[in-house]
1. Answer yes if at least one residue in the stretch B:51-70 is more than 10 Å from chain A (Cβ to nearest Cβ), under 24 Å from A:Ile78 (Cα atoms) and either open to solvent by 30 Å² or more (accessible area, probe 1.4 Å) or within 16 Å of DNA strand C (Cβ to nearest atom) (or both), and no otherwise.
2. Among the residues of the stretch A:1-16, what is the count of those that are open to solvent by 50 Å² or more (accessible area, probe 1.4 Å) and either more than 8 Å from DNA strand C (Cβ to nearest atom) or assigned to a helix (DSSP H, G or I) (or both)?
3. Exactly one condition in (1) of a type in the set (D, E, K, R); (2) open to solvent by 50 Å² or more (accessible area, probe 1.4 Å); (3) at pLDDT below 95 is not met by B:Glu193; state its number.
4. Does A:Ile252 satisfy the criteria of being among the β-branched types (Val, Ile, Thr) and surrounded by fewer than 19 Cβ atoms within 10 Å (Cβ to Cβ)?
5. Where in the stretch A:259-321 are there strands (runs of 3 or more DSSP E), lying wholly inside it, with at least 3 residues that are surrounded by fewer than 18 Cβ atoms within 10 Å (Cβ to Cβ)?
6. So, A:Thr60, is that one within 13 Å of DNA strand D (Cβ to nearest atom) and of a type in the set (Val, Ile, Thr) or not?
7. Output the residues belonging to the stretch B:320-336 that are farther than 30 Å from A:Pro285 by Cβ and modelled with pLDDT of 95 or more.
Number of protein chains: 2
Amino acid sequence: MQITLKDIARMAGVAESTVSRALNDKKGVGEETKLKILKIAKEHNYRPNQLARGLAAKKTNMIAVFLSEMDSPSNIEIVKHLEAAAESEDYQIILCNTNNQEEKEKRYLSLLESNQVDGAIFIGGKLVGSHLLRASFSSDNSIVLVNRLAEENFFTSVLTDYSSGIYQAVKHLIKQGYQKIALVSGPKDNLVEEEKTTGYMEALEESELKLNHDLIYSTESSREAGYNAFLKIIESEVIPDAFISTKELTTIGLVEAIKMGGYFIPDDFAVVGYGDNILTSIIEPPLTVLSEPLAELAKKSFYFLLKLINDGLDSQKIEVLNPSLIIRDSSIKKYN
Amino acid sequence: MQITLKDIARMAGVAESTVSRALNDKKGVGEETKLKILKIAKEHNYRPNQLARGLAAKKTNMIAVFLSEMDSPSNIEIVKHLEAAAESEDYQIILCNTNNQEEKEKRYLSLLESNQVDGAIFIGGKLVGSHLLRASFSSDNSIVLVNRLAEENFFTSVLTDYSSGIYQAVKHLIKQGYQKIALVSGPKDNLVEEEKTTGYMEALEESELKLNHDLIYSTESSREAGYNAFLKIIESEVIPDAFISTKELTTIGLVEAIKMGGYFIPDDFAVVGYGDNILTSIIEPPLTVLSEPLAELAKKSFYFLLKLINDGLDSQKIEVLNPSLIIRDSSIKKYN
DNA sequence: CCCACTTACGCAAGCGCTTGCGAAAACTTG
DNA sequence: CAAGTTTTCGCAAGCGCTTGCGTAAGTGGG
């Protein structure tokens, strides 16, 4: 059996409460006593039982991280940074892979509801669950949304300005001389995808290019989906000369389809992909991509959550970060 | 405040103990009473407080997953499958990214020691911490090692037979007509890396090729390391005509270095990489790789752990799975 | 040197649940 | 129908910790 507070108390000849206070560095215990207690605790390699502590203090030092897609390198990267931040603040991360399924999200939500975690961070994901979230939230839980839009600005969120990102991408392509730019975005039931379309349309409008709805294609986020997207799009009446793809795996699939079709990038089609990760940099040609400040996204959201946990609701806010366009070979017109 | 067992008990007009038994489907409560209790619980959306439950029952339904490298797609894939298995058995996963640092591993080990988790799965990682592990283990914790070798066969483990994998790879290369095969493996302080060398040497010996120690290179696991490995190796006296690289990112870096040097794969150098993932399949040329049965690895280890948790030590065992060689362009000699 | 004030510590309740035990009630069976 | 057996359920202790409150000891000022 593990050594307990009581044991330490007995050894030190003091009350449990004193030991507890000493260990938690609270006031109300003399310097000398504290030192003695700490010494004994260390000697016996005492580990507080976090469950008991959580039960008594209503604080678990654990947060749930809801991951909409584990296949996305960006998401993984965010988790990595979250883990680092959490570790430095002595928090534990519970991984909740929801796979964009409302069902799974709901199941994991009970972690929040049963007070097993102090808060939760949602990375990406559809709109769907928002009302559920809200229900959990009202039972005074701390929640932060990362790159996830809800109907109302109810939650503390940190978002990437996808609209401006896509806007930049379109502008860049136009400048390079591309005229018929296709947009391949993620599922429609995700509000952030709508935003992307907004940025796309703004840029077109400003450049007085005509908007063609055949060139806007939305599909799920996977390699196959990207592959098929290309096949579908080139079937349409107007053949694009450039693609903007807003999901990581989709981008890869798209490029593969292009190459498989015997076309060349950027000669036949320019491609602007998404995510500055190893994938987009090793594929040939290296892809121009929209890149999010992932580390910042992670850090911001974690500390927002921390603030929510500690200070309560008053500190709710929304932060928008800008993506940047990393220009590589796939969108540089060679012969003009 | 959350609704509690006591509340349900009051509403149902029974004792807390009865509610507890009903909810946990234990015997000792009449069918009728049970139904009534369940109904009330559902109506009020009752969620048991897992902390209290854990404290009382000494069981948390959480396991820690120690991840030695979060950059490795294979590791992530394993985690993904673990998460799925855990979810199906109503377990939660706590993510512990150790980055191969003993310090971090030690810190996270206290999760085990403080009874916050029922067990732990270690994915990869160095030997270093084994004595620590053992210490934690002796305090009756359940531990399963995945692709991690300890000095003694003390822990329940599920391993990939790297030795045979590399053996296969070498044989394949020889068959293709390659004669001077270099091996780029991971850090030496990792026992599984030694195993790889074993397989390599066995295959060479059997084929009566001379072993050249300049062709065995061990380095850390990263893109840069792979890049540099190539540069170092071609500086040596004997220039290889093929590379076997045993780490995912290392493999990518190696290929990049080869291409950057103006060489062609497989004409100048054959490459056998590691990990059947998106990376190795999109790089050009597509890489012949050693592939582990990741899903199986994950599932096996999870259920081993479950057994350990439920039945105790007696069921300790070691399972070895075979990797397979996926042959693609990078190791097919074009002109012979 | 006494009173007010601060500081150090112990007491005990309580967090929400599980579980061993015993009593009462409901069944058996000869 | 009595005695034994089984089932159903409540009581209460306890998991290991935190925390409000009360008391004893220590401090300083008049």
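The values are calculated or read from the model by the stated rules, or taken from the named source; none is laboratory data. Small disclaimer: the values here were computed from a predicted structure and weren't measured. All Cβ positions, glycine included, derive from the backbone under ideal geometry; neighbour counts span all protein chains shown. Surface accessibility is based on the protein's heavy atoms, side chains included, excluding ligands, DNA and RNA. Shrake-Rupley method; radii C 1.70, N 1.55, O 1.52, S 1.80 Å.
1. yes
2. Qualifying residue count, the stretch A:1-16: 6.
3. (2)
4. The answer is no for A:Ile252.
5. Output list reads A:318-321.
6. On the way: within 13 Å of DNA strand D (Cβ to nearest atom): yes; of a type in the set (Val, Ile, Thr): yes.
Judged against the criteria, A:Thr60 is a match.
7. B:Val320, B:Leu321, B:Asn322, B:Pro323, B:Ser324
Conditions (1) open to solvent by 70 Å² or more (accessible area, probe 1.4 Å); (2) in the same structural domain as A:Glu103 (by TED's automatic domain parsing); (3) within 16 Å of A:Val117 (Cα to Cα), marked per residue:
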{"residue": "A:Val29", "(1), (2), (3)": "no, no, no"}
{"residue": "A:Ser74", "(1), (2), (3)": "no, yes, no"}
{"residue": "A:Leu82", "(1), (2), (3)": "no, yes, yes"}
{"residue": "A:Tyr91", "(1), (2), (3)": "no, yes, yes"}
